[in-house]
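The values are calculated or read from the model by the stated rules, or taken from the named source; none is laboratory data. Note that the coordinates shown come from a computational prediction; the quantities given were computed from them, not determined experimentally. FYI the Cβ positions are ideal-geometry reconstructions off the backbone, even for glycines, and counts take in every protein chain you see.
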Amino acid sequence: MKIYTYRFVSHEDFALFIAQKELGLASNIFVMCYSGIDDQAVNQEILYSIKSLLPQASIMGSTTDGEIFETEVMVHSFVLSLTTFESTTLEIELFSAELDSFKAGQMIAHEGVRLGAKVAIIVADGIVTNGDYLMDGVNSIAPSLVVAGGLAGDNGRYEESFIFCDTHIKSKAIVVGYLVSETLEVYHTKSFNWAPMGPKFKVTRADKNCIYTVDNISVLELYRKYLGSALAQKLPQGGIEFPFVFYKEGHLIGRAPIRLNGDGSVVFAGNISEGEIIQFGFGDIDAILADAKEIIADLAEFGPEKVMVFSCMTRKNFLGEDAYNDFEGLSSVAPTTGFFTYGEFFHDSDHKCNFLLNETMTVLGLKEVPPTTKGNVRLLAMAPKKKGISSHRYSETFNALLHIGEQTALELGALNSTLNDKVDEAVRRYQASEELVIIQARSAIIGEMLSIIAHQWRQPLSIIGMVIGKMRIGALSAKEKDEALLADIGVVDRNINYLSDTIEDFRNFFKPKVEKEWHSASMICEQLRSLADPILKMYNINLEIKLNDEKKFFVYGSELVQVLLSLVSNSKDAILEQRNENGKITIVCEYKALNAMYRFSVFDNGGSIAANMINVMFEPYVSSKGITGTGLGLYMAKTIIEKHFKGKITSKNTEDGARITIDFPIETKEVSPVEIV
């Protein structure tokens with residue numbers, strides 16, 4: 001492989017150059033062109049000149065935002081890199097950029113696979129091509145294909161860029177140079193060095209590379225808020241030094257702003273997805289220049305015959321007069337040319353994929369090895385190295401300020417995380433309290449309705465009772481007693497009493513009480529049984545109550561019955577879920593003299609409480625019943641016991657199922673029921 005670099009001056013001068021280098025005799029010449037000339041008629045004339053003097057040449061290239069010629073940054077020039085290969089075949093193909101960029105990437109990859117290419121040098125229209133989607137398309141077909149190159153420029157106008165293929169000049173096009181070889185070795189690396197700083201933000205509205213809102217405010221407002229009005233007014237140019245940065249496949253990726261829209265949205269040089277976590281980046285000149293020295297050392301060790309540089313135009317603008325320092329040492333290793341792009345393509349050999357980068361310089365080194373040494377694609381990605389001490393007088397100040405920003409962001413992030421948790425908890429409890437108030441109000445209304453129902457219920461029950469009484473007298477007065485009839489009358493009489501007692505129990509349960517009373521466990525459990533037994537018997541679940549004493553306690557009886565009924569209902573649901581045909585719920589009532597507490601323990605054989613539920617089952621809106629559960633029953637029980645009874649409620653798994661334990665002092669200070677909310 002032989003490489004020659006040339007800056008086009010005139011047809012005659014180029015002819016002399018060809019004669020001096022004896023390029024006319026070469027049979028396989030690859031000409032890469034980089035043009036900063038805005039007049040496409042002039043570019044066309046130059047391409048005709050090249051083709052007329054080197055008819056055997058394969059030509060590709062584009063317009064740029066600046067040209068790289070050995071150690072110099074060029075503008076409005078036409079730079080050529082001429083390569084003669086010994087054992088590498090070059091195939092140049094032209095694709096339309098007006099297609100969907102993802103599909104275009106797939107077409108490029110399919111062609112690369114067909115040719116058996118090791119490297120694809122891609123130069124795409126920088127205005128209409130979506131570089132991210134283009135690389136996604138390549139990755140979907142040939143993720144191991146090494147892609148280098150970038151998006152064509154138009155000297156920062158973002159109006160129209162042009163692609164060169166042979167003597168053709170096309171806008172909205174993509175040109176690809178495929179390198180096919182068994183003896184080609186490749187060095188591909190990058191330099192970024194924009195450090196993330198400040199708080200992290202979330203992209204809340206975006207469409208491809210147009211960002212509308214970040215943390216629900218406009219991008220313009222975000223820049224103004226954190227970097228000041230003076231810089232925000234200079235967008236997009238003012239944002240070059242402070243691009244958005246985020247991590248992708250382990251790489252820190254930069255996205256520079258390139259256009260400000262009237263609605264406050266900003267177009268960036270690459271895609272940023274909705275939901276992406278981003279930060280502002282700040283360019284570290286010392287790190288950039290230190291990286292350049294490391295790349296030179298690595299490149300010298302690799303020993304390339306040709307070096308191609310694709311560097312972001314925002315990087316050039318950021319470095320200003322120091323832009324040449326980024327690459328000037330490369331030409332001491334091998335002939336070097338390239339251009340400043342609107343986005344750079346880079347291959348990650350570890351993750352087997354290609355990226356679109358911004359604010360980055362990528363370096364491609366090529367060499368052909370002797371046929372006896374079987375050549376492979378060798379990718380030397382830049383690993384972070386320990387940098388030497390920088391000579392820049394502001395380095396320590398920059399590092400100190402950056403450290404302050406990072407530490408402050410970490411502390412604010414931790415504070416915000418804690419604050420968010422506290423706010424969420426407060427909101428949850430407030431919502432639960434509101435619902436508890438509603439439930440209590442509803443219970444009071446139900447109590448009033450049940451009082452009316454009880455009144456209406458008792459009149460027909462009394463009439464039935466009177467009729468049954470007459471029937472009993474008649475049966476007893478008869479000459480011959482009808483024992484079967486008397487037995488039936490006894491059954492009806494008992495059921496009348498049961499119905500009367502049941503409606504009274506429900507009436508008392510929902511009747512709001514504002515005063516505590518002395519109760520015993522037997523009194524509480526008797527009312528509980530009258531309410532729970534009918535539904536439990538329906539499902540063949542046995543309710544066993546063990547009364548160990550008749551100790552009295554001073555509480556709101558209906559509230560305690562409500563808590564126990566809620567626990568029994570949960571046990572019933574657990575037993576039914578386990579399909580246990582011998583369901584059993586046991587309530588043990590006992591006085592704990594040591595701490596003057598009364599205890600109700602509710603056992604069931606409905607299986608264990610799930611590990612992920614046992615510590616949170618009493619929290620609001622936590623339910624294991626899916627859409628059928630509100631998650632408020634156990635929370636209400638806990639609230640009543642803790643705030644109203646000054647007690648505690650706990651849960652534990654047992655051998656057969658679960659145990660819920662309620663402990664409360666037998667006598668507490670009088671508290672209004674409304675305090676439970």
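Numerical summary
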{"item": "Top-ranked residue in region 327-373 [being of a type in the set (Asp, Glu) and touching a Ser or Thr at 6+ places or on another chain (Cβ under 6 Å); ranked as modelled with the highest pLDDT]", "result": "GLU344"}
{"item": "Those residues of region 19-72 which are among the polar types (S, T, N, Q) and more than 44 Å from the chain's Cα centre (by Cα), in sequence order", "result": "GLN20, SER27, ASN28, GLN40, ASN43, GLN44, SER49, SER52, GLN56, SER58"}
{"item": "Near pairs, Cβ below 7 angstrom, 6+ apart or cross-chain, from region 341-361 (within 27 Å of GLY36 (Cβ to Cβ)) to any residue that is modelled with pLDDT under 90 and of a type in the set (A, V, I, L, M)", "result": "TYR342/ALA269; GLY343/ALA269; HIS347/LEU379; ASN358/ALA256; ASN358/ALA269; GLU359/ALA256"}
{"item": "Residue in region 666-676 that is modelled with pLDDT of 65 or more and either outside the structural domain of ALA574 (by TED's automatic domain parsing) or under 17 Å from SER569 (Cα atoms) (or both) present", "result": "no"}
{"item": "Residue that is modelled with the highest pLDDT [pool: residues in region 540-562 that are out of contact with any strand residue (DSSP E or B) (no Cβ under 7 Å at 6 or more places or on another chain) and surrounded by 13 or more Cβ atoms within 10 Å (Cβ to Cβ)]", "result": "LEU560"}
{"item": "Residue satisfying all of: in region 569-622; on the phi > 0 side of the Ramachandran plot and surrounded by fewer than 15 Cβ atoms within 10 Å (Cβ to Cβ); modelled with the lowest pLDDT among these", "result": "TYR621"}
{"item": "Condition check for ASN139: among the polar types (S, T, N, Q), under 22 Å from GLU249 (Cα atoms) and in the same structural domain as ALA323 (by TED's automatic domain parsing)", "result": "yes"}
{"item": "Residues (touching a residue at least 60 places away in the same chain (Cβ under 8 Å) and among the polar types (S, T, N, Q)) located in region 151-193", "result": "ASN155, SER161, THR167, SER181, THR183, THR189, SER191, ASN193"}
{"item": "Strands (runs of 3 or more DSSP E) (entirely within region 551-613) containing at least 1 residues that are in contact with a Leu (Cβ under 7 Å, 6 or more places away or on another chain)", "result": "584-592, 597-604"}
{"item": "Single match in THR64, THR89, THR129 (criterion: out of contact with any Phe, Trp or Tyr (no Cβ under 6 Å at 6 or more places or on another chain) and either under 27 Å from GLU305 (Cβ atoms) or outside the structural domain of GLY24 (by TED's automatic domain parsing) (or both))", "result": "THR89"}
{"item": "Selected residue [loosely packed, with under 11 Cβ neighbours inside 10 Å, at pLDDT 60 or above and either part of a helix (DSSP H, G or I) or at negative phi (or both)] from ALA454, ALA484", "result": "ALA484"}
{"item": "In region 143-171, the residues that are buried (at least 24 other Cβ atoms within 10 Å of the Cβ), in contact with a helix residue (DSSP H, G or I) (Cβ under 8 Å, 6 or more places away or on another chain) and aliphatic (A, V, I, L, M)", "result": "VAL147, LEU151"}
{"item": "Test: residue in region 267-275 that is acidic (Asp, Glu) and without any contact (Cβ under 8 Å) to a residue 12 or more places away in the chain", "result": "no"}
{"item": "Test: residue in region 112-134 that is at pLDDT 95 or above and at positive phi", "result": "yes"}
{"item": "Selected residue [of a type outside the set (Lys, Arg) and part of a helix (DSSP H, G or I)] from SER49, SER27", "result": "SER49"}
{"item": "Verdict on PHE246 being under 19 Å from GLU159 (Cα atoms), touching a strand residue (DSSP E or B) at 6+ places or on another chain (Cβ under 7 Å) and buried (at least 18 other Cβ atoms within 10 Å of the Cβ)", "result": "no"}
{"item": "Test: SER35 is in the same structural domain as GLU159 (by TED's automatic domain parsing), farther than 20 Å from GLY338 by Cβ and not β-branched (Val, Ile, Thr)", "result": "no"}
{"item": "Some residue of region 123-133 being surrounded by 21 or more Cβ atoms within 10 Å (Cβ to Cβ) and of a type in the set (Asp, Glu)", "result": "yes"}
{"item": "Failed item, numbered, when LYS513 is tested on (1) part of a helix (DSSP H, G or I); (2) at pLDDT below 80", "result": "(1)"}
{"item": "Near pairs, Cβ below 6 angstrom, 6+ apart or cross-chain, from region 550-564 (free of Cβ contacts under 8 Å to residues at least 12 places away in the same chain and in the same structural domain as SER520 (by TED's automatic domain parsing)) to any residue that is among the β-branched types (Val, Ile, Thr) and crowded, with 20+ Cβ neighbours inside 10 Å", "result": "none"}
{"item": "Hits in region 180-204 (condition: farther than 16 Å from ARG255 by Cα, within 20 Å of the chain's Cα centre (by Cα) and modelled with pLDDT under 95)", "result": "GLY198, PRO199"}
{"item": "Region 55-87, residues that are farther than 20 Å from LEU179 by Cα and assigned to a strand (DSSP E or B)", "result": "THR63, GLU67, ILE68, PHE69, GLU72, VAL73, MET74, PHE78, VAL79"}
{"item": "Elements of type strands (runs of 3 or more DSSP E) contained in region 201-298, each with 1 or more residues being over 27 Å from MET361 (Cβ atoms)", "result": "210-214"}
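To keep it simple, each residue is scored yes or no on (1) basic (Lys, Arg); (2) crowded, with 19+ Cβ neighbours inside 10 Å; (3) under 12 Å from GLU72 (Cα atoms).
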site	(1), (2), (3)
PHE280	no, yes, no
ALA297	no, no, no
ALA300	no, no, no
GLY303	no, no, no
MET313	no, yes, no
SER332	no, no, no
THR336	no, yes, yes
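Per-residue answers, yes or no, for (1) hydroxyl-bearing (Ser, Thr, Tyr); (2) over 28 Å from CYS33 (Cβ atoms); (3) surrounded by fewer than 19 Cβ atoms within 10 Å (Cβ to Cβ):
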{"position": "ALA173", "(1), (2), (3)": "no, no, no"}
{"position": "GLY177", "(1), (2), (3)": "no, no, no"}
{"position": "SER181", "(1), (2), (3)": "yes, no, no"}
{"position": "LYS190", "(1), (2), (3)": "no, no, no"}
{"position": "MET197", "(1), (2), (3)": "no, yes, no"}
{"position": "LYS200", "(1), (2), (3)": "no, yes, yes"}
{"position": "ALA206", "(1), (2), (3)": "no, yes, no"}
{"position": "CYS210", "(1), (2), (3)": "no, yes, yes"}
{"position": "VAL214", "(1), (2), (3)": "no, yes, no"}
